[in-house]
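Each remark here refers to the structure printed beneath this line.
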Amino acid sequence: MRKFFVLLAGMVLFLASSLTFIYVKGENDSVNDLLSANVDALADNESSGGLDANYHRIDSKCEVFVSAGMQIDIFGIGIITAKADGKIAIDGKVVCQSKGNETCRPVECSDLYSVILHGGER
Amino acid sequence: MRKFPYFSFVLSLVVISCVSQTKNEPNVQGISVDINKQADISEFVSSFDGYVCLETYEECLVNEIRKLKMVGDTIYVADDTKITMFSRRDGSYLGKIHKHGRGPGEYITLTDFDVFDSRLYVLSNVDREIIMYNASGDVLRIINTGEGFSNLSVIDEDNIWLYSSDSNDSMYNFILIGPDADVKAKYDKFSKNQSYTIEDITFCGSVSDTLYVSQYYDNIVYSLHYDGYVPLYRFDMNLRNTVSQEELSATPLSELHKTYKYKESFRSIMHIDRNRHTLFAETWCFLDGLALKTCFVKADMVTGKSHFYICGYDVDERFPLFDLSDVIGYDGKVLISYLTAFSAKKHGKKYKIGNLADISEYDNPVIVFHTLNY
(Lines give C-alpha, C1' and ligand atoms only; values in the text may rest on other atoms or scores of the structure.)
Protein backbone atom coordinates (compact mmCIF):
# COMPACT_ATOMS: atom_id res chain seq x y z
CA MET A 1 0.00 0.00 0.00
CA ARG A 2 2.83 2.36 0.91
CA LYS A 3 4.56 1.59 -2.39
CA PHE A 4 1.35 2.51 -4.21
CA PHE A 5 1.26 5.95 -2.54
CA VAL A 6 4.92 6.57 -3.28
CA LEU A 7 4.31 5.61 -6.93
CA LEU A 8 1.20 7.81 -7.08
CA ALA A 9 3.05 10.76 -5.55
CA GLY A 10 5.86 10.22 -8.07
CA MET A 11 3.38 10.19 -10.94
CA VAL A 12 1.67 13.38 -9.65
CA LEU A 13 5.07 15.07 -9.29
CA PHE A 14 6.06 13.99 -12.80
CA LEU A 15 2.76 15.18 -14.24
CA ALA A 16 3.03 18.54 -12.43
CA SER A 17 6.60 19.15 -13.57
CA SER A 18 5.70 18.14 -17.14
CA LEU A 19 2.77 20.57 -17.18
CA THR A 20 4.98 23.31 -15.69
CA PHE A 21 7.62 22.64 -18.37
CA ILE A 22 5.02 22.78 -21.15
CA TYR A 23 3.52 26.01 -19.74
CA VAL A 24 6.89 27.72 -19.27
CA LYS A 25 8.01 26.64 -22.71
CA GLY A 26 4.78 28.01 -24.16
CA GLU A 27 5.35 31.33 -22.39
CA ASN A 28 8.93 31.45 -23.60
CA ASP A 29 7.83 30.64 -27.11
CA SER A 30 5.26 33.46 -27.10
CA VAL A 31 7.85 35.91 -25.68
CA ASN A 32 10.32 34.73 -28.29
CA ASP A 33 7.66 35.11 -30.97
CA LEU A 34 7.00 38.66 -29.80
CA LEU A 35 10.70 39.49 -29.65
CA SER A 36 11.37 38.03 -33.03
CA ALA A 37 8.39 39.87 -34.46
CA ASN A 38 9.77 43.11 -33.04
CA VAL A 39 13.23 42.38 -34.32
CA ASP A 40 11.78 41.55 -37.72
CA ALA A 41 9.80 44.77 -37.70
CA LEU A 42 12.84 46.80 -36.73
CA ALA A 43 14.96 45.01 -39.28
CA ASP A 44 12.31 45.65 -41.93
CA ASN A 45 12.31 49.35 -41.10
CA GLU A 46 16.06 49.53 -41.19
CA SER A 47 16.41 47.64 -44.40
CA SER A 48 13.76 49.61 -46.27
CA GLY A 49 14.64 52.98 -44.74
CA GLY A 50 11.17 52.96 -43.23
CA LEU A 51 11.73 55.77 -40.72
CA ASP A 52 8.89 58.23 -40.73
CA ALA A 53 10.20 60.59 -43.38
CA ASN A 54 7.14 62.67 -43.99
CA TYR A 55 8.18 65.85 -42.29
CA HIS A 56 9.21 69.33 -43.25
CA ARG A 57 11.74 70.67 -40.75
CA ILE A 58 11.59 74.32 -39.75
CA ASP A 59 14.51 75.87 -37.87
CA SER A 60 13.93 79.05 -35.94
CA LYS A 61 15.53 81.08 -33.21
CA CYS A 62 15.05 81.16 -29.46
CA GLU A 63 15.28 84.22 -27.28
CA VAL A 64 16.31 84.43 -23.65
CA PHE A 65 15.52 87.57 -21.68
CA VAL A 66 18.61 88.85 -19.88
CA SER A 67 19.73 91.67 -17.65
CA ALA A 68 23.15 93.30 -17.95
CA GLY A 69 25.81 91.06 -16.46
CA MET A 70 23.72 87.91 -16.55
CA GLN A 71 25.52 84.75 -17.69
CA ILE A 72 23.85 81.95 -19.61
CA ASP A 73 25.27 78.58 -20.51
CA ILE A 74 24.15 77.75 -24.03
CA PHE A 75 24.79 74.27 -25.42
CA GLY A 76 27.10 74.38 -28.39
CA ILE A 77 28.30 77.91 -27.68
CA GLY A 78 29.38 78.11 -24.07
CA ILE A 79 28.78 80.85 -21.55
CA ILE A 80 27.57 84.18 -22.83
CA THR A 81 27.56 87.26 -20.65
CA ALA A 82 24.93 89.86 -21.46
CA LYS A 83 26.54 93.27 -21.86
CA ALA A 84 23.22 95.08 -21.70
CA ASP A 85 19.60 94.44 -20.80
CA GLY A 86 17.66 92.78 -23.58
CA LYS A 87 17.67 89.35 -25.17
CA ILE A 88 20.13 86.73 -26.26
CA ALA A 89 18.98 85.06 -29.46
CA ILE A 90 20.25 81.68 -30.60
CA ASP A 91 19.49 79.17 -33.33
CA GLY A 92 18.18 75.75 -32.59
CA LYS A 93 14.42 75.49 -32.15
CA VAL A 94 13.02 72.89 -34.54
CA VAL A 95 9.38 72.49 -35.49
CA CYS A 96 8.33 69.42 -37.48
CA GLN A 97 5.54 69.97 -39.97
CA SER A 98 3.68 67.38 -42.00
CA LYS A 99 3.75 66.92 -45.79
CA GLY A 100 7.52 66.93 -46.15
CA ASN A 101 9.90 64.15 -47.12
CA GLU A 102 12.49 64.13 -44.33
CA THR A 103 12.75 62.78 -40.80
CA CYS A 104 12.50 65.30 -38.01
CA ARG A 105 12.99 65.57 -34.25
CA PRO A 106 11.46 68.61 -32.58
CA VAL A 107 13.67 70.74 -30.35
CA GLU A 108 12.26 73.12 -27.77
CA CYS A 109 14.01 76.33 -26.76
CA SER A 110 14.30 75.06 -23.19
CA ASP A 111 16.51 72.21 -24.48
CA LEU A 112 19.14 74.68 -25.68
CA TYR A 113 20.27 76.49 -22.58
CA SER A 114 20.53 75.21 -19.10
CA VAL A 115 21.74 77.22 -16.20
CA ILE A 116 21.73 80.89 -15.39
CA LEU A 117 24.95 80.92 -13.48
CA HIS A 118 24.94 84.43 -12.29
CA GLY A 119 22.02 86.78 -11.93
CA GLY A 120 22.55 90.40 -12.73
CA GLU A 121 20.07 93.10 -11.92
CA ARG A 122 16.56 91.75 -12.35
CA MET B 1 53.86 104.34 -81.11
CA ARG B 2 56.02 104.25 -78.00
CA LYS B 3 52.84 104.49 -75.97
CA PHE B 4 51.33 101.41 -77.62
CA PRO B 5 52.65 98.79 -75.13
CA TYR B 6 51.39 100.86 -72.21
CA PHE B 7 48.01 101.36 -73.90
CA SER B 8 47.60 97.67 -74.74
CA PHE B 9 48.56 96.70 -71.16
CA VAL B 10 45.86 98.98 -69.73
CA LEU B 11 43.35 97.74 -72.31
CA SER B 12 44.05 94.11 -71.46
CA LEU B 13 43.60 94.87 -67.74
CA VAL B 14 40.23 96.45 -68.47
CA VAL B 15 39.18 93.47 -70.60
CA ILE B 16 40.29 90.97 -67.94
CA SER B 17 38.46 92.82 -65.16
CA CYS B 18 35.28 93.04 -67.23
CA VAL B 19 35.41 89.34 -68.01
CA SER B 20 35.91 88.32 -64.37
CA GLN B 21 33.07 90.58 -63.27
CA THR B 22 30.76 89.03 -65.83
CA LYS B 23 31.77 85.53 -64.83
CA ASN B 24 31.00 86.09 -61.15
CA GLU B 25 28.25 88.57 -60.39
CA PRO B 26 27.67 91.17 -63.06
CA ASN B 27 26.59 94.58 -61.82
CA VAL B 28 26.78 93.57 -58.17
CA GLN B 29 27.84 96.44 -55.97
CA GLY B 30 29.99 95.32 -53.07
CA ILE B 31 29.53 97.01 -49.69
CA SER B 32 32.48 96.59 -47.33
CA VAL B 33 31.51 96.63 -43.68
CA ASP B 34 33.87 96.72 -40.71
CA ILE B 35 32.09 94.97 -37.86
CA ASN B 36 34.66 96.17 -35.33
CA LYS B 37 33.60 99.82 -35.64
CA GLN B 38 30.28 100.46 -33.93
CA ALA B 39 28.82 103.70 -35.32
CA ASP B 40 27.08 106.27 -33.18
CA ILE B 41 23.35 105.62 -32.90
CA SER B 42 22.62 109.03 -34.46
CA GLU B 43 23.95 107.68 -37.77
CA PHE B 44 20.92 105.40 -37.84
CA VAL B 45 18.18 106.99 -35.76
CA SER B 46 16.92 110.54 -36.13
CA SER B 47 13.95 110.44 -33.73
CA PHE B 48 11.90 108.34 -31.35
CA ASP B 49 8.31 108.58 -32.59
CA GLY B 50 6.52 107.12 -29.61
CA TYR B 51 4.86 103.80 -28.92
CA VAL B 52 1.48 102.14 -29.02
CA CYS B 53 0.24 99.72 -26.38
CA LEU B 54 -1.90 97.13 -28.16
CA GLU B 55 -5.28 96.86 -26.52
CA THR B 56 -5.58 93.83 -24.32
CA TYR B 57 -8.56 91.67 -23.56
CA GLU B 58 -9.38 88.03 -24.05
CA GLU B 59 -10.63 88.42 -27.61
CA CYS B 60 -7.38 89.92 -28.89
CA LEU B 61 -4.54 88.40 -26.88
CA VAL B 62 -1.40 88.16 -29.02
CA ASN B 63 0.73 85.14 -28.27
CA GLU B 64 4.00 86.10 -29.95
CA ILE B 65 4.57 88.50 -32.83
CA ARG B 66 5.86 86.49 -35.77
CA LYS B 67 5.18 89.09 -38.43
CA LEU B 68 3.86 92.63 -38.46
CA LYS B 69 2.69 94.79 -41.32
CA MET B 70 1.49 98.35 -41.13
CA VAL B 71 -0.80 99.49 -43.92
CA GLY B 72 -2.31 102.95 -43.57
CA ASP B 73 -3.62 103.27 -40.03
CA THR B 74 -3.86 99.54 -39.39
CA ILE B 75 -1.29 97.32 -37.72
CA TYR B 76 -1.59 93.66 -38.72
CA VAL B 77 0.03 91.32 -36.20
CA ALA B 78 0.43 87.59 -36.85
CA ASP B 79 1.15 85.01 -34.19
CA ASP B 80 1.08 81.23 -34.67
CA THR B 81 -2.61 80.94 -35.38
CA LYS B 82 -4.20 84.31 -36.15
CA ILE B 83 -3.80 87.80 -37.55
CA THR B 84 -5.02 90.54 -35.25
CA MET B 85 -5.67 94.10 -36.39
CA PHE B 86 -5.05 97.18 -34.24
CA SER B 87 -5.23 100.90 -34.81
CA ARG B 88 -1.90 102.65 -35.38
CA ARG B 89 -3.15 105.74 -33.52
CA ASP B 90 -4.17 104.29 -30.17
CA GLY B 91 -3.65 100.53 -30.39
CA SER B 92 -7.38 99.78 -30.20
CA TYR B 93 -8.49 96.36 -31.39
CA LEU B 94 -10.08 96.36 -34.86
CA GLY B 95 -10.68 92.69 -35.57
CA LYS B 96 -8.92 89.44 -36.37
CA ILE B 97 -8.65 86.55 -38.81
CA HIS B 98 -8.65 83.48 -36.62
CA LYS B 99 -9.47 80.54 -38.89
CA HIS B 100 -7.06 78.00 -37.52
CA GLY B 101 -8.48 74.57 -38.31
CA ARG B 102 -9.21 71.96 -40.93
CA GLY B 103 -12.61 73.12 -42.13
CA PRO B 104 -13.49 75.02 -45.30
CA GLY B 105 -11.81 78.43 -45.42
CA GLU B 106 -9.50 77.49 -42.55
CA TYR B 107 -5.75 76.96 -42.45
CA ILE B 108 -3.74 74.34 -40.56
CA THR B 109 -0.63 76.50 -40.49
CA LEU B 110 -0.30 80.25 -40.77
CA THR B 111 2.99 80.17 -42.64
CA ASP B 112 3.02 83.77 -43.88
CA PHE B 113 0.62 86.56 -44.72
CA ASP B 114 0.44 89.75 -46.72
CA VAL B 115 -2.03 92.59 -47.14
CA PHE B 116 -3.17 94.18 -50.36
CA ASP B 117 -6.10 96.54 -50.82
CA SER B 118 -7.44 95.78 -47.29
CA ARG B 119 -7.53 92.07 -48.12
CA LEU B 120 -5.45 89.56 -46.23
CA TYR B 121 -3.65 86.75 -48.00
CA VAL B 122 -2.80 83.83 -45.72
CA LEU B 123 -0.25 81.30 -46.98
CA SER B 124 -0.48 77.82 -45.50
CA ASN B 125 2.43 75.52 -46.23
CA VAL B 126 0.63 72.39 -45.06
CA ASP B 127 -2.69 73.17 -46.81
CA ARG B 128 -0.82 74.26 -49.93
CA GLU B 129 -3.20 77.14 -50.28
CA ILE B 130 -3.41 80.90 -50.19
CA ILE B 131 -6.67 81.98 -48.60
CA MET B 132 -7.82 85.52 -49.28
CA TYR B 133 -10.01 87.12 -46.60
CA ASN B 134 -11.63 90.49 -46.22
CA ALA B 135 -11.12 92.40 -42.96
CA SER B 136 -14.21 90.74 -41.48
CA GLY B 137 -12.77 87.29 -42.02
CA ASP B 138 -14.98 86.26 -44.94
CA VAL B 139 -13.24 84.04 -47.47
CA LEU B 140 -13.01 85.82 -50.82
CA ARG B 141 -10.91 83.31 -52.72
CA ILE B 142 -8.79 80.20 -52.23
CA ILE B 143 -5.76 79.70 -54.45
CA ASN B 144 -4.43 76.16 -54.55
CA THR B 145 -0.64 76.47 -54.82
CA GLY B 146 -0.15 72.75 -55.38
CA GLU B 147 3.13 72.81 -53.49
CA GLY B 148 4.20 74.05 -50.07
CA PHE B 149 5.82 77.49 -49.89
CA SER B 150 7.38 79.35 -46.99
CA ASN B 151 6.88 83.04 -47.90
CA LEU B 152 4.66 85.16 -50.08
CA SER B 153 4.56 88.73 -51.33
CA VAL B 154 1.46 90.12 -52.98
CA ILE B 155 2.25 92.62 -55.75
CA ASP B 156 -1.38 93.16 -56.73
CA GLU B 157 -4.53 91.06 -57.01
CA ASP B 158 -3.18 89.34 -60.13
CA ASN B 159 0.43 88.76 -59.09
CA ILE B 160 1.74 86.89 -56.07
CA TRP B 161 5.36 85.88 -55.57
CA LEU B 162 6.03 82.67 -53.63
CA TYR B 163 9.29 81.40 -52.13
CA SER B 164 9.98 77.72 -51.54
CA SER B 165 13.40 77.61 -49.78
CA ASP B 166 14.60 74.63 -51.86
CA SER B 167 11.75 72.68 -50.33
CA ASN B 168 9.08 71.59 -52.73
CA ASP B 169 8.74 69.71 -56.00
CA SER B 170 8.37 72.78 -58.20
CA MET B 171 12.20 72.96 -58.17
CA TYR B 172 12.21 76.76 -58.37
CA ASN B 173 12.65 79.04 -55.37
CA PHE B 174 10.72 82.02 -56.71
CA ILE B 175 7.45 81.57 -58.55
CA LEU B 176 5.09 84.30 -59.71
CA ILE B 177 1.49 83.12 -59.86
CA GLY B 178 -1.77 84.65 -60.98
CA PRO B 179 -5.22 84.42 -59.36
CA ASP B 180 -5.79 80.91 -60.74
CA ALA B 181 -2.35 79.72 -59.62
CA ASP B 182 -1.15 80.02 -63.20
CA VAL B 183 2.64 80.27 -63.19
CA LYS B 184 3.80 83.50 -64.85
CA ALA B 185 7.50 83.39 -64.05
CA LYS B 186 9.95 81.24 -62.11
CA TYR B 187 13.54 81.79 -61.01
CA ASP B 188 16.39 80.21 -59.06
CA LYS B 189 16.22 76.54 -59.95
CA PHE B 190 17.31 73.94 -57.41
CA SER B 191 17.93 70.24 -57.81
CA LYS B 192 16.53 68.56 -54.68
CA ASN B 193 13.55 69.08 -52.42
CA GLN B 194 15.17 69.50 -48.99
CA SER B 195 11.99 69.77 -46.89
CA TYR B 196 13.92 72.18 -44.72
CA THR B 197 13.37 75.84 -43.96
CA ILE B 198 14.99 78.38 -41.68
CA GLU B 199 12.45 80.97 -40.58
CA ASP B 200 13.44 84.10 -42.40
CA ILE B 201 12.18 87.14 -44.27
CA THR B 202 12.97 86.48 -47.90
CA PHE B 203 11.12 89.43 -49.44
CA CYS B 204 13.13 92.18 -47.79
CA GLY B 205 12.06 95.32 -49.62
CA SER B 206 10.50 96.68 -52.76
CA VAL B 207 10.58 99.45 -55.32
CA SER B 208 7.25 99.67 -57.22
CA ASP B 209 6.70 96.17 -58.67
CA THR B 210 10.31 95.01 -58.17
CA LEU B 211 11.12 93.14 -54.99
CA TYR B 212 14.39 92.88 -53.11
CA VAL B 213 14.98 89.29 -52.06
CA SER B 214 17.62 87.46 -50.07
CA GLN B 215 18.16 83.91 -48.91
CA TYR B 216 19.63 82.51 -45.70
CA TYR B 217 23.46 82.57 -45.47
CA ASP B 218 23.60 84.52 -48.75
CA ASN B 219 25.11 87.99 -48.43
CA ILE B 220 23.73 89.08 -51.79
CA VAL B 221 20.47 90.96 -52.33
CA TYR B 222 18.71 90.25 -55.60
CA SER B 223 16.05 92.17 -57.45
CA LEU B 224 13.09 90.05 -58.44
CA HIS B 225 10.76 91.09 -61.21
CA TYR B 226 8.57 89.38 -63.78
CA ASP B 227 11.42 89.94 -66.25
CA GLY B 228 14.34 88.77 -64.18
CA TYR B 229 16.19 87.77 -61.04
CA VAL B 230 19.37 89.83 -60.79
CA PRO B 231 22.01 90.18 -58.04
CA LEU B 232 22.33 93.78 -56.89
CA TYR B 233 24.26 94.30 -53.64
CA ARG B 234 26.78 92.17 -51.79
CA PHE B 235 27.62 92.73 -48.12
CA ASP B 236 31.26 91.96 -47.39
CA MET B 237 31.64 91.86 -43.63
CA ASN B 238 34.89 90.98 -41.89
CA LEU B 239 33.33 88.12 -39.92
CA ARG B 240 35.43 85.11 -38.92
CA ASN B 241 33.61 82.80 -41.34
CA THR B 242 32.38 83.53 -44.82
CA VAL B 243 30.03 81.27 -46.74
CA SER B 244 31.17 81.49 -50.34
CA GLN B 245 28.76 81.51 -53.28
CA GLU B 246 30.23 78.16 -54.40
CA GLU B 247 29.58 76.62 -50.97
CA LEU B 248 26.12 78.11 -50.91
CA SER B 249 25.12 76.63 -54.23
CA ALA B 250 26.73 73.21 -53.61
CA THR B 251 25.66 72.57 -50.01
CA PRO B 252 22.14 71.87 -48.73
CA LEU B 253 20.91 74.52 -46.31
CA SER B 254 20.57 71.99 -43.48
CA GLU B 255 24.26 71.06 -43.87
CA LEU B 256 25.31 74.70 -43.98
CA HIS B 257 23.34 75.32 -40.82
CA LYS B 258 25.04 72.39 -39.08
CA THR B 259 28.42 73.85 -39.99
CA TYR B 260 27.82 77.52 -39.20
CA LYS B 261 25.01 77.45 -36.63
CA TYR B 262 27.13 78.64 -33.71
CA LYS B 263 30.00 80.20 -35.66
CA GLU B 264 30.51 83.88 -36.36
CA SER B 265 28.93 84.31 -39.77
CA PHE B 266 26.55 86.29 -41.89
CA ARG B 267 22.98 85.02 -41.72
CA SER B 268 20.41 87.01 -43.55
CA ILE B 269 19.23 90.34 -44.91
CA MET B 270 15.96 91.26 -43.27
CA HIS B 271 15.28 94.63 -44.85
CA ILE B 272 16.81 96.87 -47.46
CA ASP B 273 15.95 100.31 -48.77
CA ARG B 274 17.76 102.76 -50.98
CA ASN B 275 17.25 106.48 -50.92
CA ARG B 276 19.30 108.22 -53.63
CA HIS B 277 22.92 107.29 -52.90
CA THR B 278 22.31 105.93 -49.39
CA LEU B 279 21.60 102.26 -48.85
CA PHE B 280 20.12 101.10 -45.54
CA ALA B 281 20.04 97.45 -44.54
CA GLU B 282 18.98 95.41 -41.55
CA THR B 283 20.89 92.15 -41.37
CA TRP B 284 21.21 89.20 -39.01
CA CYS B 285 24.67 88.08 -37.97
CA PHE B 286 25.96 85.51 -35.53
CA LEU B 287 28.71 87.25 -33.57
CA ASP B 288 31.20 85.68 -31.17
CA GLY B 289 30.19 86.31 -27.58
CA LEU B 290 26.91 87.93 -28.58
CA ALA B 291 25.07 85.18 -30.50
CA LEU B 292 22.47 86.28 -33.06
CA LYS B 293 22.21 90.03 -33.42
CA THR B 294 20.38 92.51 -35.58
CA CYS B 295 23.06 94.52 -37.37
CA PHE B 296 22.32 97.72 -39.25
CA VAL B 297 24.38 98.88 -42.20
CA LYS B 298 24.24 102.28 -43.84
CA ALA B 299 26.35 102.76 -46.94
CA ASP B 300 27.06 105.63 -49.24
CA MET B 301 26.99 104.00 -52.66
CA VAL B 302 29.02 106.80 -54.21
CA THR B 303 31.91 107.04 -51.77
CA GLY B 304 31.71 103.42 -50.60
CA LYS B 305 31.80 104.50 -46.95
CA SER B 306 29.68 102.39 -44.61
CA HIS B 307 28.49 102.48 -40.99
CA PHE B 308 27.69 99.48 -38.83
CA TYR B 309 25.56 99.25 -35.70
CA ILE B 310 24.87 96.18 -33.57
CA CYS B 311 21.42 96.57 -32.08
CA GLY B 312 21.26 95.72 -28.38
CA TYR B 313 25.03 95.58 -27.94
CA ASP B 314 24.68 98.40 -25.47
CA VAL B 315 21.79 100.65 -24.53
CA ASP B 316 22.18 104.23 -25.70
CA GLU B 317 20.13 106.42 -23.38
CA ARG B 318 19.19 108.79 -26.23
CA PHE B 319 17.10 106.04 -27.85
CA PRO B 320 16.91 103.21 -25.32
CA LEU B 321 13.97 101.44 -26.91
CA PHE B 322 15.85 101.21 -30.22
CA ASP B 323 18.33 98.87 -28.55
CA LEU B 324 15.88 97.14 -26.25
CA SER B 325 13.12 96.21 -28.69
CA ASP B 326 12.98 93.71 -31.56
CA VAL B 327 12.72 95.01 -35.10
CA ILE B 328 9.56 93.65 -36.72
CA GLY B 329 8.82 95.86 -39.72
CA TYR B 330 9.09 99.12 -41.61
CA ASP B 331 6.80 101.82 -42.88
CA GLY B 332 8.92 103.86 -45.24
CA LYS B 333 11.72 105.29 -43.12
CA VAL B 334 9.95 104.44 -39.88
CA LEU B 335 11.37 101.40 -38.15
CA ILE B 336 8.77 99.40 -36.21
CA SER B 337 9.83 97.26 -33.29
CA TYR B 338 8.16 95.67 -30.30
CA LEU B 339 8.67 94.76 -26.68
CA THR B 340 6.77 92.38 -24.49
CA ALA B 341 4.69 94.22 -21.90
CA PHE B 342 6.98 92.78 -19.23
CA SER B 343 10.07 94.37 -20.85
CA ALA B 344 8.25 97.60 -21.71
CA LYS B 345 7.18 98.05 -18.10
CA LYS B 346 10.65 97.29 -16.79
CA HIS B 347 12.53 99.53 -19.23
CA GLY B 348 9.84 102.23 -19.18
CA LYS B 349 10.34 102.53 -15.46
CA LYS B 350 14.12 102.58 -15.73
CA TYR B 351 14.34 105.10 -18.59
CA LYS B 352 11.19 107.03 -17.62
CA ILE B 353 9.40 106.59 -20.96
CA GLY B 354 5.80 107.84 -21.03
CA ASN B 355 3.43 105.74 -18.99
CA LEU B 356 5.09 102.41 -19.75
CA ALA B 357 5.82 101.89 -16.07
CA ASP B 358 2.08 101.77 -15.40
CA ILE B 359 1.07 99.03 -17.86
CA SER B 360 0.44 95.48 -16.76
CA GLU B 361 3.21 93.03 -17.52
CA TYR B 362 0.54 90.63 -18.82
CA ASP B 363 -0.69 93.04 -21.51
CA ASN B 364 -0.22 92.64 -25.24
CA PRO B 365 3.15 93.73 -26.69
CA VAL B 366 4.06 97.38 -27.09
CA ILE B 367 4.85 98.63 -30.60
CA VAL B 368 7.63 101.21 -30.88
CA PHE B 369 8.44 103.63 -33.71
CA HIS B 370 11.73 105.29 -34.66
CA THR B 371 12.49 107.38 -37.72
CA LEU B 372 15.66 106.25 -39.43
CA ASN B 373 18.39 108.60 -40.51
CA TYR B 374 19.30 107.91 -44.10
TODO: Would you mind telling me which residue in B:248, B:211, B:54 has the biggest mean-square fluctuation in a Gaussian network model of chain B, where springs connect alpha carbons within a distance under 10 angstrom?
DONE: B:248
Task: Convex hull of Cα atoms in the stretch B:183-254, direction-averaged projection (nm²) - done: 6.0
Open item on the list: If the elastic network links every pair of Cα atoms under 10 Å, which of B:88, B:234, B:276 fluctuates the most in the Gaussian network model of chain B?
Closed with: B:276
- [ ] Please give, to one decimal in nm, the separation of the simple spin-label points placed at residue B:350 and residue B:106, each 7 Å out from Cα toward the Cβ.
- [x] 4.3
Open item on the list: List the residues of the stretch A:53-68 for which accessible area in the full set of protein chains is at least 50 Å² lower than for the chain on its own; 1.4 Å probe, protein heavy atoms only.
Closed with: A:56, A:57, A:59, A:65
Open item on the list: I'd like the mean, over residues of A:95-102, of how many other protein chain beta carbons sit within 10 Å of each residue's own Cβ.
Closed with: 6
Open item on the list: With the alpha-carbon atoms as the only input, what is the per residue convex hull volume for the stretch B:203-324 in Å³?
Closed with: 133
Open item on the list: With just the Cα atoms defining each centre, how far is the stretch B:110-145 from the stretch B:306-373? Give it in Å.
Closed with: 30
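Could you tell me which helices of chain B pass both thresholds, a Cα extent of 24 Å or more along their own axis and a mean Kyte-Doolittle hydropathy of at least -1.0, with helices taken as whole DSSP H runs?
Result, helices passing both filters: B:4-23.
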- [ ] Starting from the Cα of residue B:352, draw a straight line to each of the aspartates and glutamates and keep only those under 13 Å, dropping any in the same chain fewer than 8 residues away.
- [x] B:317
Task: Distance in nm between pseudo-label sites at residue B:139 and residue A:65 (7 Å out along the Cβ direction from Cα) - done: 3.9
TODO: Calculate how large, on average over all directions, the projected area of the Cα convex hull of the stretch B:24-90 is; give the answer in nm² to one decimal.
DONE: 8.9
Open item on the list: Out of the total accessible area of the stretch B:271-374 (probe 1.4 Å, heavy atoms of protein only), what percent is carbon and sulfur?
Closed with: 47
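On a full-extension model of 0.36 nm per residue, what is the gain between residue B:316 and residue B:183, subtracting their alpha-carbon distance, rounded to one decimal in nm?
Working: separation 133, 0.36 × 133 = 47.88 nm, distance 4.86 nm.
Gain on stretching residue B:316 to residue B:183: 43.0 nm.
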Task: FRET efficiency estimate (nearest 0.05) - Cβ-Cβ, residue B:331 to residue B:358, R0 30 angstrom - done: 0.65
- [ ] Would you kindly compute the Cα radius of gyration of the stretch B:29-372 and its largest Cα-Cα separation (Dmax), both in Å?
- [x] 20.0, 57
Task: Net charge dipole size for chain B [Lys, Arg +1 and Asp, Glu -1 on Cβ; Debye, nearest 20] - done: 1140
Open item on the list: Just want to confirm a number: the relative contact order over chain B, from Cα pairs under 8 angstrom separated by 6+ residues, in percent.
Closed with: 16
Task: Protein accessible surface hidden between B and A, which excludes ligands and nucleic acids, total in Å², probe 1.4 Å - done: 2800
Open item on the list: Past 26 Å, Cα to Cα: identify those pairs from A:87/B:350; A:93/B:345; A:99/B:186; A:93/B:192; A:93/B:305; B:263/B:298, in the order given.
Closed with: A:93/B:345; A:93/B:305
TODO: Over the stretch B:235-374, give the accessible area per residue in Å² for a 1.4 Å probe, as an integer.
DONE: 41
Open item on the list: Using a Gaussian network model on chain B with a 10 Å cutoff between Cα atoms, which of B:232, B:152, B:321 fluctuates the most?
Closed with: B:232
Task: Derived scalar couplings ³J(HN,Hα) [the stretch B:218-232; Karplus, 6.51 cos²θ - 1.76 cosθ + 1.60; whole Hz; x for Gly, Pro] - done: 9, 8, 10, 9, 10, 9, 10, 9, 3, 8, x, 10, 10, x, 10
Task: Mean Cα-pair separation over length for the stretch B:238-374, i.e. relative contact order, pairs under 8 Å, 6 or more apart, % - done: 14
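Need the full-extension length gain, residue B:156 to residue B:247, defined as separation in residues times 0.36 nm minus the C-alpha distance. One decimal, nm.
29.2 nm is the gain from fully extending residue B:156 to residue B:247.
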Task: Theoretical ellipticity at 222 nm over chain B - DSSP helices of four or more residues, -39500 (n - 2.57) apiece, nearest 500 - done: -4000 deg cm²/dmol
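The values are calculated or read from the model by the stated rules, or taken from the named source; none is laboratory data. What you are looking at is a predicted structure, and each value in this text was computed from that prediction instead of being measured. Positions of Cβ are generated from backbone atoms using ideal geometry, with glycine treated the same way; all protein chains shown enter the neighbour counts. Each accessible area value is taken on the protein alone, full model and side chains, heavy atoms only, with ligands, DNA and RNA left out. Shrake-Rupley method; radii C 1.70, N 1.55, O 1.52, S 1.80 Å.
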